[in-house]
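Quick notes on the structure that follows.
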Amino acid sequence: MPDCAFCSIVAGTAAADLVLEDDDLVAFLDRRPVFKGHVLLVPREHVVTLPDLPAGLRDGFLAAAQRLATAVVTGLGAQGSFVALNNVVSQSVPHLHLHVVPRTKGDGLRGFFWPRTGYADDAERGEYAARLRAALQ
């Protein structure tokens, strides 16, 4: 879908801090200020809701979510992770996506290290992505 922000990232026409990608899935940092620190997992194919996810992608999608949830703990030192599945009903981007948020005790839903504000600079975001990529190797 040409006007989908996540499809643009999948196609490589929009910049993103990728942390995981394979033939079926892409995971990247969410740059939207309110979602700072979130990692988004999306199918390369434009899928709107979970019931539309092809059966052949379900196991890979859930396995990648598990890998990302583990990586935020091992790569960032978080105490745990919060995982939420979203689609067009609850989000402005009509592309099935899964949020993986590093958690620490008492952080609410703000994510790990940072409050709900923009990244300080590209280096901060780049270091965050690099630590996750290393944990996923």
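The values are calculated or read from the model by the stated rules, or taken from the named source; none is laboratory data. Values in this document were obtained by computation on a predicted structure and should not be read as measured data. No Cβ is skipped: glycine too gets one built from the backbone with ideal geometry, and neighbour counts run over all protein chains shown. The protein model used for the area step is the full one, side chains on, heavy atoms only, and it has no ligands, DNA or RNA in it. Shrake-Rupley method; radii C 1.70, N 1.55, O 1.52, S 1.80 Å.
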In cubic angstrom per residue, the convex hull of region 1-46 built on its Cα atoms measures 69 Å³
Environment charge at P43 (Cβ cut-off 11 Å; Lys +1, Arg +1, Asp -1, Glu -1): -3
Any residue on another chain or 5+ positions along whose placed amide H is under 5 Å from the amide H of D17 is listed here as L29
Taking all protein chains in place and a 1.4 Å probe, what share, in percent, of the accessible surface of region 1-42 do carbon and sulfur account for? 56 percent
Give me a comma-separated list of calculated 3J(HN,Hα) values for region 13-26, in order, Karplus coefficients 6.51, -1.76, 1.60 applied at θ = phi - 60°, integers in Hz, x for any Gly or Pro. 8, 10, 5, 7, 8, 6, 10, 7, 8, 9, 5, 10, 9, 9
List the trypsin sites (Lys or Arg not before Pro) within region 1-51 that DSSP assigns to loop and that have no more than 11 neighbouring Cβ atoms inside 10 Å. none
Cα-based convex hull, region 1-77, per residue volume (Å³, whole number): 102 Å³
Per residue, how many Å² of accessible area does region 7-94 show with a 1.4 Å probe? 48 Å²
